[in-house]
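Structure record follows, encoded as structure tokens.
The values are calculated or read from the model by the stated rules, or taken from the named source; none is laboratory data. If you're wondering where the values come from, they're calculated on a predicted model, not measured in any experiment. No Cβ is skipped: glycine too gets one built from the backbone with ideal geometry, and neighbour counts run over all protein chains shown. We work out accessible area using only protein heavy atoms, side chains counted, and drop any ligands, DNA or RNA first. Shrake-Rupley method; radii C 1.70, N 1.55, O 1.52, S 1.80 Å.
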Amino acid sequence: MVITDTHTHLYSEAFDEDRAEMMQRTLEANISRLFIPAIDSTYTASMLKLEKDYPENIFLMMGLHPTHVKENYKEELEHVEQMLKQHKFYAVGEIGIDLYWDKSTLPIQQEAFRHQIKLAKKHKLPIVIHCREAFDEIFEILEDEKNDDLFGIFHCFTGTIEQAQQAISYNMKLGIGGVATFKNGKIDKFLNKIDLKHIVLETDSPYLAPKPFRGKRNESSYIIKIIEKLSEIYNISEEKIAEITTENSKAIFGI
């Protein structure tokens, strides 16, 4: 059984004390495909080191996270552009709009999101979208940008079934993680109405740990708990969940 975590921040400082042990637990659990989203230029070196240490398992993305779209965002976007020319990446992400922390940066978040979508199209790469309290704003830009070159993953999907269907209409898979196991997570109530061909698995570690680890540091090995939950929701085996979602990740990332 090959398991894919499509979104995990394994370079995070949260793993500095025990990264090797955490990676060993992950690989021993057959979680052998790990896709790593970017945040900003300050993490690039640690991402590249992670890839060097685990070349068969780590697949990097490049992008500017919406909560890190600040006064220097143009320099950060230039860094993204240069890195995409210099190194092999498998997606532009995570990118998007986050209105939970700071609504005042909406105009520059919109600009950065649109710019990075165009970069992804130019490099024939998928995008990985971060959306927090910003479905309408994100859908507005996706509507403008939609064509055959627009595809990717709606990371940490937490919307309604209507928003799920709208995201899928823009060639997006839905990234399903720990929220599906939460009592108040809501998406577990309608997920079985979404064909599994539209779903990929993710942890977003070190954030959003699934039950029974909720509130603790998340790690990629905990994706097993998400597989267990989806097996229950879809009423098919855990092996089948792993197989289909890994195939879906290959369709997006091309590997």
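Once you charge only the Cβ atoms, +1 for Lys and Arg and -1 for Asp and Glu, what is the size of the charge dipole of the stretch 132-255 about its Cα centre, to the nearest 20 debye? Don't jump to the answer; show the numbers that get you there.
Working: 16 positive and 21 negative charges, 165 e Å.
Approximately 800 debye in magnitude.
Going Cα to Cα from Lys52, which aspartates and glutamates come in below 18 Å? Please leave out same-chain ones fewer than 8 positions away. Within reach: Glu13, Asp16, Asp18, Glu21.
With kT/(6 pi eta Rh) evaluated at 25 °C and eta = 0.890 mPa s, and Rh the Kirkwood radius from Cα pairs, the chain diffuses with a coefficient of 136 µm²/s according to Stokes-Einstein. Here the Karplus relation 6.51 cos²θ - 1.76 cosθ + 1.60, evaluated at θ = phi - 60°, turns the backbone of the stretch 227-232 into coupling constants of 4, 4, 5, 5, 4, 5 Hz, with x for every Gly and Pro. In this structure, the residue pairs whose Cα-Cα separation is over 27 Å, taken from Lys88/Lys193; Lys122/Lys250; Lys189/Lys240, are Lys88/Lys193. When the Gaussian network model of the chain links Cα atoms closer than 10 Å, the mean-square fluctuations of Ala45, Ala29, Ala112 top out at Ala45. Partner lysines whose Cα lies under 19 Å from the Cα of Lys186, excluding those fewer than 8 positions away in the same chain, are identified as Lys173, Lys211, Lys225, Lys229.
What does the helix-only formula give at 222 nm for the chain: each DSSP H stretch with n ≥ 4 adding -39500 (n - 2.57), the total divided by the residues, and the result rounded to the nearest 500 deg cm²/dmol? Mind dumping the intermediate values first?
Details: 8 runs with 99 residues, N = 255.
Result for the chain: -12000 deg cm²/dmol, rounded to the nearest 500.
Return the ratio Rg/(2.2 N^0.38 Å) for the stretch 176-255, where Rg is computed over Cα atoms only.
On the way: Rg = 12.1 Å, N = 80, 2.2 N^0.38 = 11.6 Å.
With N residues counted in the stretch 176-255, Rg over 2.2 N^0.38 Å equals 1.04.
Across the stretch 32-169, Cα-Cα pairs more than 17 Å apart make up 57 percent of the total.
Between Ile168, Phe89, Gln110, the Cα set farthest toward the positive side of the dipole of the chain (charges on each charged residue's Cβ, about the Cα centre) is that of Ile168.
For Glu78 and Thr42, the difference between the fully extended length at 0.36 nm per residue and the C-alpha to C-alpha distance is 11.6 nm. Label zone of Thr160 (point 7 Å out along Cα→Cβ, amide N under 18 Å): in the stretch 183-221 this covers 185-194.
Taking every C-alpha pair closer than 8 Å and separated by at least 6 residues, the mean separation divided by the residue count of the chain gives a relative contact order of 20 percent.
Determine the per residue accessible area of the stretch 139-212 with all protein chains present and a 1.4 angstrom probe, expressed in square angstrom. Can you show the working numbers first?
Details: 3180 Å² over 74 residues.
Roughly 43 Å² per residue, with all protein chains present.
Share of the chain's accessible area from carbon and sulfur, percent, 1.4 Å?
On the way: 5560 of 11430 Å².
With neighbouring chains kept in place, the figure for the chain is 49 percent.
For the stretch 48-155, the list of GluC sites (Glu not before Pro) that fall in a loop by DSSP and count at most 10 other C-beta atoms within 10 angstrom reads Glu56, Glu71. Of the trypsin sites (Lys or Arg not before Pro) found in the stretch 147-203, those that fall in a DSSP loop while having at most 10 other beta-carbon atoms within 10 Å are Lys183. Taken over the stretch 1-53, the ratio of Cα radius of gyration to 2.2 N^0.38 Å equals 1.13. Distance between the modelled labels on Lys146 and Asn184, one decimal in nanometres: 3.3 nm (7 Å Cα→Cβ projection).
I'd like to check one number: the per residue accessible area of the stretch 12-116, probe 1.4 Å, reported in Å² as a whole number. Walk me through the intermediate numbers first.
Working: 5020 Å² over 105 residues.
Accessible area per residue: 48 Å².
For the stretch 76-150, which chymotrypsin sites (Phe, Trp or Tyr not before Pro) are in a loop by DSSP, counting at most 13 other Cβ atoms within 10 Å? Counting only loop positions with at most 13 other Cβ atoms within 10 Å, the chymotrypsin sites (Phe, Trp or Tyr not before Pro) in the stretch 76-150 are Tyr100, Trp101.
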